[in-house]
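Student: Next up is a structure, given as C-alpha cells.
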Amino acid sequence: MLSVKEVCKVYNGVVVLKGISLRVEEREVVGLVGPNGSGKSTLLRIIAGFEKPNCGRIFFMNREITGLKPEKVVKLGISYSFQIPRPFKNLKVIENIAVASLLRFDKKRAFEIAREICELIGLEEDKKAENLSQGELKLLEIARALATKPKLLLLDEPFSGLDVKNTRWVLSEVLKLKRMGFSMMITAHRVKILEDIVDRFIELRGGRIVKG
Amino acid sequence: MISSIIYGFFLALLSCCITLNYRIGRFLNLSYGSFFTLGAYISLLCKYETSLILSSVIGFLVGYLMYLTILKFSEDIVDSTLISLGFGIAIEEILRITFRATHVLLTGIEVEYVEILNEKVFVFDLYIFLLSLIFYIALSITLLSSSGLKLKFAEEDCELAEMYGVDVERLRMLVISGSSSIACLCGSILSPMQAIHPAMGWSILVISIMISAISSVFGGIGIRRYLCVLIVSVVYSVVLEVIF
Amino acid sequence: MRFNRFSCILCSVRGDLLIRDLLLVIIVFAPILTQNYSILWISTLSMIYSLLVISWLFMERQSGWTSFAHSIPFGLAAYLLAIYPYAVFIAPLASTALFLTISKLDRVKFVFVTFVLTVVFWLSSFYMVIERNGISIGGEEGFSVLSLYLSESYIFAVLLLISSYVFVRVLEKSSIGLKMAAMRDDEEAARAIGINVFKYRFMNFVISCSIASLSGICYALFFGHVSPDVFSIEVALFPFIATFIAGRAWISAVVGSYILVIVSRVFSGFVPDFHLLIYAIVLIASPKLRRWWGVKC
C-alpha cells in the first residue's frame, strides 16, 4: 500500500532522516517509535506532503506521491492528523468534520457523515471547537482525518499531552478504528502505549531505522 | 550629489527610528509622518529657534501619550500599529481644523546656503545632516556599550530580556517618545524650505518604511543593521537624483 | 454591566436573521417614502459605501486577511471608468493580483503593506494626467464621468447592494463558504483535509475586489467626477471604521456606513472633515472595541 524508499531529509545542514525505507500493507497498523528528534514527525509530514524529501521516493497504491502537495495527497487517500491539534476554532465540531467530508461529498452528505463520526467518536456536535478539552481536540483531529475517507491514516503522537483518563479514551477510539480495518501509521515516544494497537513496530534513532 | 547624500542621511534618521520602533516598540509607527508635520506647524507659532526646542518637547510628550495608550489598550502588534495610525490621523486633523489653510509658507526666515564642492547646500539641510550624525554617533556609542547589549537583547526577545532584568518598558517608552521627538524636530528644522500642509508627512512616512523594509532584508545585528539603513537611504536618494 | 446588557441586546438582534433582513429592507427603501432630495442623496452615498464595506468584510471575515487597501479596487475602477470604460474589468483583476502577491507575506505584514500601498496609490494619483483632444486633464483636478440622475444612481445602488448582500450571505452558508471559513482559521490544517488554499483565497479576493470595483463604478457615476480622493486613506479606512462602530455582521456593514456618512454630513456643516477625528478615535479605541464586540451573550 505505502512504500517509502531511501527517503532522506536535511534541515539547515542537519540530517534529520537518512535512507528511510519502509512499507505499510493494507489493514496494517504500524507503530513508529523513537526518542525526541529521531525524525518520526518529519517522516509523517513528508509522506503527507507538508515537507519535500531531499532524496528518495514514496509510493502509495503503486503511484508515486513524492513531493505532491498535501491537498493532493489527501485526495489520493492518505490523511494526516497533527501532533498539536489544529481545530478550526470558530467552527463547531460538526462543521470541523463536515468540511473535511466536502473533499468527496456534497454538503448534505458531508454533514450526515460528520454526524455519524461524531456519534462514533463520542463528540458533542454543536460545541465550538475552541471550547473543547485536550482529549476532545485530539479526537477531533482524528475525526477530521477520518472524514476524508482515507485508505491510510497518519496519526502524529495522538496521545501526547494527555492525562491518563484522556489517553485511555483516545486509545479506545483508535482501537475501534483498528477493528474497523483502517490502515494506520502511529508515532509515539514509548512502545508500551502502542502495544495493544500496532501489528509491528519501527524504531527510529538519529534519523535512521534501527529496528523493524 | 552632496544634497542627495544629505537627503539620504535625513531618510536614514527617520528610517532608523521606524526600525527601532518596530524592533523594540513592537509595532509599525504610522504616526511618524504626522509628527513631522506637527513639527513643521509648530514653527509657524513662534520664533524658529524656539520652535526647535518646543517641537522636541511637544513631540516627546505626544509620543509619550501614544506610548501610554499603547500600553493600556494594545495586545499585539496590529493593535499598536492601529493606535499609532489613529494618533497620526488625529494630529493631522487637529492641525487641519486649527489652521484651516491648505498650504502655508513660513516667511521671515532667510533661506541661506553654503557652497560645498561647488554645490549649493541649504543650511537647514546641514542642520538635518548634523542631527543625523549626532543620532548615529549616540546610537553607535549606546550599541557598543553595555546598554547596547540590553538593547540587542530586547530586540531579539522582549520576554526573555525582561526575565533577565532588562527594563523593556522603559526602553520602549524612550524609543517611542524619543523617535517622535526626533520626527517633530526634523519637521521644524525643514519647515522654512517646504509648503506646510497637513498631509505633508505621508510621503516621508512611506519612503522611510520602504527603506526600513529593504534594509531589513540584508539583516545585520546591532550597529550594522542601522548602518545598512544609512547605506540604503543614501543609495535611494542618489538614484532618485540620477533618474529625476 | 451596562455595556454587556447593550451588547446582549445587539447580539440577540444580530442573531435573528429575519430581523436583520427586515432592517436592510427598511434602511434601503425607507428614503423613497420621504421623497426628500437630501435624504435620497445621503442614502445613495451610504449604499455605495456599504458595498465597499461588504467587499472588505467578505475578505476579512471569510478569508481572515485584513486589508487597508480596498481603496485601490474602488479607485481603480472609478478612474478606469472615467479614462477608458472598456478596461474597467482590469480593476478587480489587477487588485486581486496585487493582494495575492502581498498575501505571500504573513497576515500581519499584509495589513502593513496594504496600508503603505494605499498611501503610494493615493500620492501617485495626483500625477495621473492624460491628454485628450490636445488638453491635459487629470492630476489633482481628476476626471469627469458621465453621471446618472439621483434616482438612477439610487436604483443602481439598491440593486447592487441587495444582490451583493444576498450573494455573500448565500455563499457563506454554502460548501465554498465553509471551506473559506476553515482556511481562515488555519491554512495548514485546511490543506491537510484537501482544501486548495490558493484556489479559495483567489476566489475570495476576486469576489471582494469585484464588489469593491462595482462600488467604485457606482461612486463615479453618482458624482460624475473622480479625483485622487477615491484613493485616499479615508476611503481605505472607511470599512474598518464602519465595522468597528456597528459590528461584523453583514447588516453591520450597511448600518455602519449609514452612521459614518450621516455623521460626516452633519459635522461638515460646522467643521469640514471633522468626522476624520472620529476615525482617529475609533482607531485608537479599536483594541477595546474589538474585545467589546467579542463579548458573548
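Student: Report, as an integer, the average count of C-beta atoms from other chains found within 10 Å of each Cβ along C:284-291.
Tutor: On the way: counts 12, 5, 8, 12, 4, 1, 4, 2.
Per residue, the average neighbour count from other chains is 6.
Student: Something else now. With 31 Å as the limit, write out which pairs from A:Lys89/A:Lys149; A:Lys9/A:Lys149; A:Lys211/C:Lys199; A:Lys9/C:Lys199; A:Lys72/C:Lys288 have Cα-Cα distances beyond it, or answer none. Kindly include the intermediate steps, with their values, before the conclusion.
Tutor: Numbers: A:Lys89/A:Lys149 22 Å; A:Lys9/A:Lys149 29 Å; A:Lys211/C:Lys199 42 Å; A:Lys9/C:Lys199 29 Å; A:Lys72/C:Lys288 42 Å.
Checking Cα-Cα distances, A:Lys211/C:Lys199; A:Lys72/C:Lys288 exceed 31 Å.
Student: DSSP loop (so not H, G, I, E, B), at most 15 other Cβ within 10 Å: list which trypsin sites (Lys or Arg not before Pro) in the stretch A:82-126 pass both filters. It would help to have the intermediate numbers written out before the result.
Tutor: Working: sites: A:Lys89, A:Lys92, A:Arg104, A:Lys107, A:Lys108, A:Arg109, A:Arg115; in loops: A:Lys89, A:Arg104.
Listed in order of number, the matching sites are A:Lys89, A:Arg104.
Student: Which values, in whole Å and largest first, are the semi-axes of the equivalent ellipsoid of chain C obtained as the square root of 5 times each eigenvalue of the Cα gyration tensor? Mind dumping the intermediate values first?
Tutor: Details: eigenvalues 169, 126, 70 Å².
Its equivalent ellipsoid spans semi-axes of 29, 25, 19 Å.
Student: Could you size up the charge dipole of the stretch B:141-195 around its Cα centre, putting +1 on the beta carbon of Lys and Arg and -1 on that of Asp and Glu, and report it in debye to the nearest 20?
Tutor: Working: 4 positive and 7 negative charges, 62 e Å.
Once rounded to the nearest 20, the dipole reads 300 debye.
Student: Based on alpha-carbon centroids, what's the gap between the stretch B:55-94 and the stretch C:137-180 in Å, whole number please?
Tutor: Centre-to-centre distance over Cα atoms comes out at 35 Å.
Student: Once both axes come from the Cα atoms, what is the angle between helix A:134-147 and the longest principal axis of chain A, in degrees from 0 to 90, rounded to 10?
Tutor: 80
Student: What list of ³J(HN,Hα) values in whole Hz, one per residue of the stretch C:269-274 in order, does the Karplus curve 6.51 cos²θ - 1.76 cosθ + 1.60 (θ = phi - 60°) give from phi, with Gly and Pro shown as x?
Tutor: x, 9, 9, x, 6, 4
Student: With unit charges on the beta carbons (Lys and Arg positive, Asp and Glu negative) and the dipole taken about the Cα centre of the stretch C:19-293, which residue among C:Val197, C:Leu117, C:Ile241 sits farthest to the positive side?
Tutor: C:Val197
Student: Ignoring everything except DSSP H segments at least 4 long, calculate the 222 nm mean residue ellipticity for chain B; use -39,500 (n - 2.57) per segment, divide by total residues, nearest 500. List each step's numbers first, then the result.
Tutor: Numbers: 10 runs with 179 residues, N = 244.
Using -39500 (n - 2.57) per qualifying helix, the result is -25000 deg cm²/dmol.
Student: When the Cα centres of the stretch B:110-159 and the stretch C:37-74 are compared, how far apart do they sit, in Å?
Tutor: 43
Student: Moving on to the next point. Given DSSP loops and a limit of at most 10 other Cβ atoms within 10 Å, what is the longest stretch of chain C that contains no such trypsin sites (Lys or Arg not before Pro)? Display every interim value, and only then the final one.
Tutor: Working: sites that count: C:Lys104, C:Lys296.
Counting only loop sites that pass the neighbour cut-off, the longest clear stretch is C:105-295.
Student: Right, another one. Summarise the long-distance tail of P(r) for the stretch C:151-216 by giving the % of C-alpha pairs beyond 15 Å.
Tutor: Above the 15 Å cut-off, the stretch C:151-216 has 58 percent of its Cα pairs.
Student: Calculate the translational D of chain B in whole µm² s⁻¹ from Stokes-Einstein, where the hydrodynamic radius comes from the Kirkwood formula applied to all Cα pairs, the temperature is 4 °C and the viscosity 1.567 mPa s.
Tutor: The Stokes-Einstein estimate is 71 µm²/s.
Student: What chymotrypsin sites (Phe, Trp or Tyr not before Pro) in the stretch C:189-297 are in a loop by DSSP, with at most 11 other Cβ atoms within 10 Å of the Cβ?
Tutor: Working: sites: C:Phe198, C:Tyr200, C:Phe202, C:Phe205, C:Tyr219, C:Phe222, C:Phe223, C:Phe231, C:Phe240, C:Phe244, C:Trp250, C:Tyr258, C:Phe267, C:Phe270, C:Phe274, C:Tyr279, C:Trp292, C:Trp293; in loops: C:Phe270, C:Phe274.
Answer by residue number: C:Phe270.
Student: At 20 °C and a viscosity of 1.002 mPa s, what translational diffusion coefficient does Stokes-Einstein give for the protein assembly as shown, taking Rh as the Kirkwood radius over Cα pairs? Give it in µm²/s as a whole number. Working shown, then result.
Tutor: Details: Rh = 29.3 Å.
Answer from the Stokes-Einstein relation: 73 µm²/s.
Student: What ranking do B:221-229, C:29-37 get when scored by the average of other Cβ atoms within 10 Å per residue, highest first? Don't jump to the answer; show the numbers that get you there.
Tutor: Details: B:221-229: 18.0, C:29-37: 11.9.
Ranking, from highest mean packing down: B:221-229, C:29-37.
Student: Using a cut-off of 14 Å between alpha-carbon atoms, which aspartates and glutamates can reach A:Lys151, once sequence neighbours fewer than 8 places away in the same chain are excluded?
Tutor: Leaving aside aspartates and glutamates fewer than 8 places away in the same chain, those within reach of A:Lys151 are A:Glu25, A:Glu26, A:Glu28.
Student: Go through C:134-144, C:120-130 and give me the packing order, highest mean Cβ count within 10 Å leading.
Tutor: Working: C:134-144: 13.9, C:120-130: 16.5.
Descending mean neighbour count gives C:120-130, C:134-144.
Student: Would you order C:Tyr79, A:Tyr11 from fewest to most other beta-carbon atoms within 10 Å of each residue's own beta-carbon? Don't skip to the end; give the middle numbers.
Tutor: Details: C:Tyr79 25, A:Tyr11 11.
By the 10 Å Cβ count, ascending: A:Tyr11, C:Tyr79.
Student: A further question follows. Exceeding 31 Å between C-alpha atoms, which entries from my cross-link table qualify? They are A:Lys108/A:Lys165; A:Lys52/A:Lys128; A:Lys18/A:Lys69. Before the final figure, lay out each step's value.
Tutor: Details: A:Lys108/A:Lys165 35 Å; A:Lys52/A:Lys128 34 Å; A:Lys18/A:Lys69 22 Å.
Over 31 Å Cα-Cα: A:Lys108/A:Lys165; A:Lys52/A:Lys128.
Student: Give the cross-link partners of B:Lys120 among the aspartates and glutamates, using a straight C-alpha distance below 17 Å as the criterion and excluding same-chain residues fewer than 8 apart.
Tutor: Result set, ordered by chain and number: B:Glu110, B:Glu112, B:Glu241.
Student: I've got another one for you. Could you work out the helix-only [θ] at 222 nm for chain A, with each DSSP H run of four or more residues adding -39,500 (n - 2.57) and the total divided by the number of residues, to the nearest 500 deg cm²/dmol? Could the numbers behind the result be given before it?
Tutor: Numbers: 6 runs with 70 residues, N = 212.
Per the formula, -10000 deg cm²/dmol.
Student: Just counting partner chain Cβ atoms within 10 Å, what average do the residues of peptide B:206-214 show around their Cβ? It would help to have the intermediate numbers written out before the result.
Tutor: Values: counts 8, 2, 0, 5, 2, 0, 0, 4, 0.
That average works out to 2.
Student: Mind checking the mean number of beta-carbon atoms from other chains within 10 Å of the Cβ atoms in C:275-283? Walk me through the numbers before you get to the answer.
Tutor: Details: counts 1, 7, 8, 2, 5, 12, 3, 3, 11.
Counting other chains' Cβ atoms within 10 Å and averaging over C:275-283 gives 6.
Student: Restricting attention to the stretch B:48-155, which trypsin sites (Lys or Arg not before Pro) occupy a DSSP loop and are surrounded by at most 13 other Cβ atoms within 10 Å? Could the numbers behind the result be given before it?
Tutor: On the way: sites: B:Lys72, B:Arg96, B:Arg100, B:Lys120, B:Lys150, B:Lys152; in loops: B:Arg100.
Sparse-neighbourhood loop trypsin sites (Lys or Arg not before Pro): B:Arg100.
Student: Based on DSSP H assignment, which helices of chain B show an axial Cα extent of at least 24 Å together with a mean Kyte-Doolittle hydropathy greater than or equal to 1.6? Spell out each step's value before the answer.
Tutor: On the way: long enough: B:2-20 (27 Å, 2.15); B:48-73 (37 Å, 1.40); B:77-99 (33 Å, 1.36); B:123-144 (31 Å, 2.30); B:168-190 (33 Å, 1.24); B:201-217 (25 Å, 1.95); B:223-243 (30 Å, 1.91).
Long hydrophobic helices here: B:2-20, B:123-144, B:201-217, B:223-243.
Read-outs: derived from the displayed coordinates by stated rules, not from any lab. These numbers come from a predicted model, not from an experiment. Neighbour counts are summed over all protein chains in view; Cβ atoms, including those assigned to glycine, are modelled from backbone coordinates with ideal geometry.
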